[in-house]
Amino acid sequence: MGNISRATKALAVSYDMLIFFDANVIIDEYAINTISYRAFVRYCKKKNVPLLLPHIAVLEAERVYVKKLTKYNADIEALLTFGMGPDSVAGPGVLTGASIDPSALVMAFSRRLFGPEKDFDVRLIQNKPEHRQAAIQRVLEGKSPIKAEGENARDALIWFSILDEIKGKDESVVFISGDGDFASKKGRQVSDELHLHLRQDLDSIGFDKNKFKFYDSLNDFLVSVSRELTDIEQRIVDLQSEIDEVLTDIPRVSEEEFEIERMIRGIQGNLKMISWSLVGDVEYPDPEQNPKLISAREEAYRALDQIPKLSGVGSRNALYDQLESKRRQLAELEEQFNQVT
C-alpha cells in the first residue's frame, strides 16, 4: 500500500474545478464501480475535472477495506472449518481451502485509482510536517472538524492538506464528505454548509468562500450537476434521492405512529378502567347507561380528535411499500445503464 504515494504530482495545469473526496466517500463507493461513481467519472472526463484524494483519506479507506475483508475471510474460514468437522452433514464442499488476501485486494483497488489504467485524472495530495502541528492545535482548541471529545485529528489532517492545495488557486472547489463534523449544524440537523470554523480557515488563506462548495454525498453533488448527466443517469440520481428521502421519513413516521398508538392506548385503557369501576352500580345495573361512562366516552372522543395526525408522507407500511417499489425501479434502470455502457 505504501507505493501509491508515487502517484502524487503537483497540478501543473489550471482547471475550472477541483474535487476532493473524504475517506467515507471512497468507502461508500467501494470497488469504485457503482453507478454513482461511474456517472461521476463521466462528468469529470467531460468537464476535464481532476479528483484530488488526501493521502490520509486513502489510508483510512484502505484500513477499513482490510478490516472488512479480513472479517469476511475469517467468517468463511470458520464455516469451512465447521464443514470439515464431524458435526457437518453437508461436508466441506467446493470452497475447501479457499482464502483471500485482503492486502492484495486493497492494492488492486489502489491501482485502479492511481494506476495507468485509471479512467481520469486522479491525484494524491500529501500532508506536510506543519499540518501535524496544526492538527494538534485544532484538537486543543476543539474547533471543527474536531469533535467536542477531542476526536477526529485525522479529519483535521485531511482539512489542512486541502487548504494547502487550494491556497493561491482561483478554481472552484468541491469537497464531498459524509462526515458531519465538517458541516455547520442547526440544532441537531447537519446542513450542507461548511462549518463556520472552516469558512474562517478559507478567509485566512484568502480563498473566496463562495467558490468552495460542500456536499455530504456523491449523489448530492451529481444532483447539483444533473444537466451534465445522461437521461438514464439523471433518472438514477433522482431515484436515489427519492429513496434517501423515504429512508429519512421512515424513522420519523415510525416515531410519530408509536406516539399516536401510545396516546390511543392510554385513552382506551382509561375508558376500560372507568367501565370496570361501574360494574355492580345499583342505580345503573347496565354500565352502558351510566352517565359517568357516557361522559367518559364523550371526553375520550374529544381527546382522540386532539391527537395529531401523521405528517402527510403516509404510514410506515406505505413508506416501506414505496421504498420497495423505488428500489425495483432503480435496479431496472441500473440494468439499462449497464447495457449501454
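Here, each number is a calculation from the coordinates, and none is a lab measurement. All of these numbers come straight from a predicted model, not from anything done at the bench. Cβ sites come from the backbone with ideal geometry, for glycine too, and all protein chains shown count toward neighbours.
Taking amide H as placed 1.01 Å from N in the peptide plane, the amide H of residue 19 sits under 5 Å from that of 52, 174, each at least 5 places away or on another chain. Residues whose amide H comes within less than 5 Å of that of residue 49, counting only those at least five positions distant or on another chain, are absent (H built at 1.01 Å from N in the peptide plane). Backbone phi angles across the stretch 163-170, fed through the Karplus curve with coefficients 6.51, -1.76 and 1.60 (θ = phi - 60°), yield HN-Hα couplings of 4, 5, 6, 8, 4, x, 9, 9 Hz in residue order; Gly and Pro are listed as x. Indicate the gyration tensor shape class of the stretch 232-340 (rounded, prolate or oblate), computed on the Cα atoms with a ≥ b ≥ c the square roots of the eigenvalues: a/c under 1.5 is rounded; otherwise a/b larger than b/c is prolate and the rest oblate. It is prolate, given that a/c is not under 1.5 and a/b is the larger ratio. Amide H contacts under 5 Å for residue 194: 184, 214, restricted to partners 5 or more places along the chain or on a different chain, H placed in the peptide plane at 1.01 Å from N. Return, ordered by residue number, the residues of the stretch 245-263 whose backbone nitrogen is under 14 Å from a label point located 7 Å along Cα→Cβ of residue 300. What the label zone holds, given the 14 Å backbone N cut-off, is 263. Each peptide in 125-136, 169-180 gets a packing score, the mean of other Cβ atoms within 10 Å over its residues, and the list from highest to lowest is 169-180, 125-136. Computed from phi, the 3J(HN,Hα) profile of the stretch 231-244 under the Karplus parametrisation 6.51, -1.76, 1.60 (θ = phi - 60°) reads 4, 5, 4, 5, 5, 5, 4, 4, 5, 4, 5, 5, 5, 4 Hz, with x in place of Gly and Pro. Once the Cα-Cα distance is subtracted from the 0.36 nm per residue extended length, the residue 248 to residue 104 segment shows a gain of 48.1 nm. When the pairs 128/211; 128/167; 167/211 are compared against a 20 Å limit on Cα-Cα distance, 128/211 fall above it.
Packing here is the average count of other Cβ atoms within 10 Å per residue, and on that basis the peptides 315-323, 160-168, highest first, run 160-168, 315-323.
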